[in-house]
There are 6 protein chains.
Amino acid sequence: MTHFEDGSAVMVDVSEKADTVREATACSSLLLPAPVLAALKAGASAKGDPIAVAELAGIMAAKRTSELIPLCHPLPLSKVAVRGELDEATGRVRFTATCRVTGKTGVEMEALVAASVAALTLYDMLKAHGKGMVVAETKLLSKTGGKSGPWRA
Amino acid sequence: MTHFEDGSAVMVDVSEKADTVREATACSSLLLPAPVLAALKAGASAKGDPIAVAELAGIMAAKRTSELIPLCHPLPLSKVAVRGELDEATGRVRFTATCRVTGKTGVEMEALVAASVAALTLYDMLKAHGKGMVVAETKLLSKTGGKSGPWRA
Amino acid sequence: MTHFEDGSAVMVDVSEKADTVREATACSSLLLPAPVLAALKAGASAKGDPIAVAELAGIMAAKRTSELIPLCHPLPLSKVAVRGELDEATGRVRFTATCRVTGKTGVEMEALVAASVAALTLYDMLKAHGKGMVVAETKLLSKTGGKSGPWRA
Amino acid sequence: MTHFEDGSAVMVDVSEKADTVREATACSSLLLPAPVLAALKAGASAKGDPIAVAELAGIMAAKRTSELIPLCHPLPLSKVAVRGELDEATGRVRFTATCRVTGKTGVEMEALVAASVAALTLYDMLKAHGKGMVVAETKLLSKTGGKSGPWRA
Amino acid sequence: MTHFEDGSAVMVDVSEKADTVREATACSSLLLPAPVLAALKAGASAKGDPIAVAELAGIMAAKRTSELIPLCHPLPLSKVAVRGELDEATGRVRFTATCRVTGKTGVEMEALVAASVAALTLYDMLKAHGKGMVVAETKLLSKTGGKSGPWRA
Amino acid sequence: MTHFEDGSAVMVDVSEKADTVREATACSSLLLPAPVLAALKAGASAKGDPIAVAELAGIMAAKRTSELIPLCHPLPLSKVAVRGELDEATGRVRFTATCRVTGKTGVEMEALVAASVAALTLYDMLKAHGKGMVVAETKLLSKTGGKSGPWRA
């Protein structure tokens with residue numbers, strides 16, 4: 001376990017690591033039962049856009065990752081973007097979050113937090129319209145920068 | 001959309017609702033590829049317990065739900081418990097979170113946030129051991145209290 | 001000075017006050033020089049709504065009032081709504097924020113913080129389009145509840 | 001709208017921008033009706049200084065700008081100073097806030113948030129002494145650093 | 001261990017407990033080596049009062065106790081007061097913090113956090129004037145309310 | 001007073017200081033009366049480790065130092081470790097916290113906050129087992145980096 005020293009949790013030392021541009025992209029999907037999907041589509045045609053609210057919540061959550069995840073380093077994020085897209089065929093909204101930093105550690109957790117909180121925010125706004133929503137498949141899609149080089153799911 | 005008034009997002013008025021005891025339980029699972037599962041098992045036999053860290057992170061996140069989810073009401077939570085259990089057969093750690101409040105709104109979102117952040121925290125601590133982890137199936141398991149009565153998935 | 005005891009600042013004791021429904025409405029306006037106004041109008045016709053972002057930021061800020069204003073009591077807000085309206089004739093966007101609580105103190109500061117942060121958020125999104133914006137006239141419009149009864153500006 | 005990409009809000013990418021010393025100064029004024037002004041003057045002659053409390057609240061708020069303003073970048077501020085001055089002739093307290101950073105983006109929003117929260121904090125401490133206070137003229141006074149060079153109102 | 005269930009930490013259930021007025025008072029002292037004491041006394045005779053800054057920091061920290069102490073319940077504090085007093089004879093500043101709430105749990109931790117953060121804040125402001133300061137004797141002085149009745153150290 | 005300019009508190013300008021690796025170590029001890037010590041030892045032999053919870057709380061608090069201590073600069077901490085050790089002979093748990101940063105100011109306050117919050121967190125978990133605990137001797141043990149060079153208590 002890299003996050004433990006002699007049995008105690010530790011925010012590991014990265015002071016010797018180089019400051020490089022690092023980016024990560026993650027996704028999270030909210031599965032919508034039929035009545036909830038119908039409500040979302042009806043609402044989206046009126047004024048008021050719950051997906052836009054969820055995207056913004058994701059951006060703001062990314063900036064608080066080090067408060068939520070105990071052993072994450074605080075990072076001066078240089079970019080955060082979250083996009084939600086409704087796939088009517090499969091009845092889901094898929095949020096994709098990209099974070100970037102010039103720093104000593106990667107931003108996977110920031111991207112994962114952003115995508116997760118976006119999905120949960122949409123859940124909150126739709127929960128009056130039906131039970132049974134599920135946040136599915138929160139995962140990393142790609143990362144670049146740092147010693148280990150680029151990676152893609 | 002209940003969370004919009006004339007196109008603007010709103011934290012809906014609950015001032016007329018009764019203060020009742022409300023409880024919700026949610027879960028979230030982290031799927032571990034074989035090398036990561038092996039590392040977790042090896043680490044758990046040594047001192048230092050990443051699942052305990054994740055549980056604690058979930059408890060703390062529950063208390064910050066209204067900061068993360070823009071239209072959630074701040075609630076004086078009266079109980080939060082998060083438990084993570086490793087299921088070796090399916091290679092996953094499943095976090096179950098229960099929140100309780102005496103208040104005017106339910107605590108589904110608090111339980112979902114707690115379970116999600118617990119899973120993401122474990123992800124953070126295990127990510128040095130391998131790629132390909134997925135947070136799967138974050139969902140509500142049950143809720144009680146409030147006008148709509150008990151519900152179970 | 002009601003907020004000082006023997007020269008030390010104090011969050012004054014409200015434990016003897018009754019829990020009543022209290023509401024307050026405040027406003028804040030952002031004055032837009034002509035080029036900025038033009039950019040806002042051009043952007044609003046495309047996808048992406050900066051006023052909606054500002055409204056949401058105001059709602060979220062209201063919930064953090066007691067963190068920002070040192071002697072404010074933490075309050076379980078039961079409603080927050082923020083609306084921004086563009087008045088092209090006078091070149092301003094006026095944000096109106098309403099907060100409600102069942103509690104021992106009023107919510108004037110919450111409404112004022114919500115309106116102010118909404119105006120500042122719009123400022124942030126428009127500042128690339130020109131200098132000279134001003135946040136003007138942040139003030140209370142009305143309050144109800146509590147011992148002192150209703151008040152209107 | 002620079003803060004939107006294909007209709008979604010985004011915290012824009014600044015990773016290619018240079019780290020330079022940037023500074024901004026903003027002001028915000030609280031207008032005091034006569035009874036409130038009298039109370040402030042009476043209090044200031046006793047022990048306990050509400051303007052000092054407001055200055056400190058402004059400094060602390062500056063550090064939280066990126067939590068309040070959704071699309072602001074987190075910045076490692078290297079200086080924050082807030083000064084409030086009572087102008088008896090015009091019945092107002094004017095707060096001037098200066099922020100500095102070595103970073104990739106400017107600190108206008110930090111200075112504006114600091115000045116605004118200082119004015120709102122004084123409002124909170126004086127509101128028991130009379131109705132009708134107004135926060136007026138929150139605006140940028142000057143900025144230096146960055147590609148666009150120095151600017152002065 | 002009351003804060004553990006089957007080995008997992010838990011924010012214990014207080015939903016069945018009565019809402020009563022509860023108060024706690026705690027203290028924390030900062031011991032000042034002679035050169036630091038001299039600097040404090042010299043500064044206090046000029047404008048600018050570091051003890052007042054520390055008192056305010058303590059008040060603000062009390063409101064964030066449930067964010068800092070993982071298993072503390074969020075509480076709607078109804079009063080917080082912090083007072084620092086210089087005892088020249090023993091070369092220390094002693095901070096006394098009192099918190100009050102109408103709630104289901106006591107406010108010992110809130111009072112202890114307030115006194116501790118006040119002492120640490122003064123430490124921060126004086127540390128340029130000499131080494132060797134110590135925060136000593138942070139402890140509860142008294143508590144009232146709740147099932148266990150009044151207690152005094 | 002270095003933290004005041006013309007009587008107003010200020011977060012002092014460090015923009016001209018060099019970015020160097022800086023480290024600080026601080027400690028804080030919780031003194032346990034006999035019944036509390038007995039409860040801790042009994043609990044530690046069962047599942048559930050309150051010292052581990054306290055260590056984690058200390059790590060998380062270190063990251064929020066600039067929110068708690070008004071005139072502290074926000075810092076991108078590159079390492080935080082907190083270790084608690086029970087000394088049965090003297091009936092105390094001593095927490096030692098080490099923080100590291102590559103930055104313009106030292107991390108004494110971060111280490112002191114981490115150690116203090118760890119001690120207070122253990123206090124919270126043990127307070128049901130007896131009165132009379134005291135947090136004693138919170139102090140700096142050593143620091144390195146920066147213009148003033150290494151220092152050791």
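Between C:58, C:103, C:43, the Gaussian network model of chain C with springs among Cα atoms under 10 angstrom shows the greatest mean-square fluctuation at C:43. Region D:122-138 and region C:68-91 have Cα centres lying 15 Å from one another.
Over chain B, dividing the summed -39,500 (n - 2.57) contributions of all DSSP H runs of at least 4 residues by the number of residues returns a 222 nm mean residue ellipticity of -9500 deg cm²/dmol. Grab the other residues whose beta carbon is less than 13 angstrom from that of residue D:88, score K and R as +1, D and E as -1, and report the net. Net of charged neighbours comes to +1. Please list, ordered by chain and number, the residues whose modelled amide H lies under 5 Å from the amide H of residue A:153; skip anything fewer than 5 residues away on the same chain. The answer is A:142. Plainly put, the tip 7 Å out from Cα toward Cβ on residue A:85 is 3.8, 3.9, 5.6, 5.6, 6.8 nm from that tip on each other copy, the closest given first. Shape class of region B:34-141 from the alpha-carbon gyration tensor: prolate, with a/c at 1.5 or above and a/b greater than b/c.
Listed by chain and number, the lysines placed with their C-alpha closer than 27 angstrom to that of residue A:143 are A:17, A:63, A:79, A:104, B:41, B:127, B:131, D:17, D:104, F:63, F:79; residues fewer than eight positions away on the same chain are left out. Between copies, the label points of residue E:6, set 7 Å from Cα on the Cα→Cβ line, lie 3.3, 4.5, 5.2, 5.2, 6.4 nm apart, reported in increasing order to one decimal in nanometres.
Chain A residue nearest the axis that carries A onto F, by Cβ, with distance in whole Å, is A:76, 4. Computed from the Cβ-Cβ distance with R0 of 35 Å, the FRET efficiency linking residue F:42 to residue B:21 stands at 0.65. In this assembly of identical copies, the label point of residue C:35 (Cα plus 7 Å along Cα-to-Cβ) is separated from its counterparts by 4.7, 5.4, 5.4, 5.4, 7.4 nm, sorted shortest first. The residues packed around residue A:102, meaning those with a beta-carbon under 14 Å from its beta-carbon, carry a net charge of 0 if Lys and Arg are +1 and Asp and Glu are -1.
Ranked for footprinting exposure by Cβ neighbours inside 10 Å, fewest first, C:85, B:23 give C:85, B:23.
On the basis of the beta-carbon distance and an R0 of 25 Å, residue B:142 and residue F:128 show a calculated FRET efficiency of 0.30. Amide H contacts under 5 Å for residue F:134: F:31, restricted to partners 5 or more places along the chain or on a different chain, H placed in the peptide plane at 1.01 Å from N. Summing charges over neighbours of residue B:36, with a neighbour being any other residue whose Cβ is under 9 Å away from its Cβ, gives +2 when K and R count +1 and D and E count -1. Pull out a ≥ b ≥ c, the square roots of the eigenvalues of the alpha-carbon gyration tensor of the protein assembly as shown, then state rounded if a/c is under 1.5, prolate if not and a/b is larger than b/c, and oblate in the remaining case. Judged from the Cα gyration tensor, the protein assembly as shown comes out rounded (a/c under 1.5).
Read-outs: derived from the displayed coordinates by stated rules, not from any lab. Predicted model, so just to flag it, every value in this text is computed and none were measured. So basically every Cβ, Gly included, is an ideal-geometry build from the backbone, and we count neighbours across all protein chains shown.
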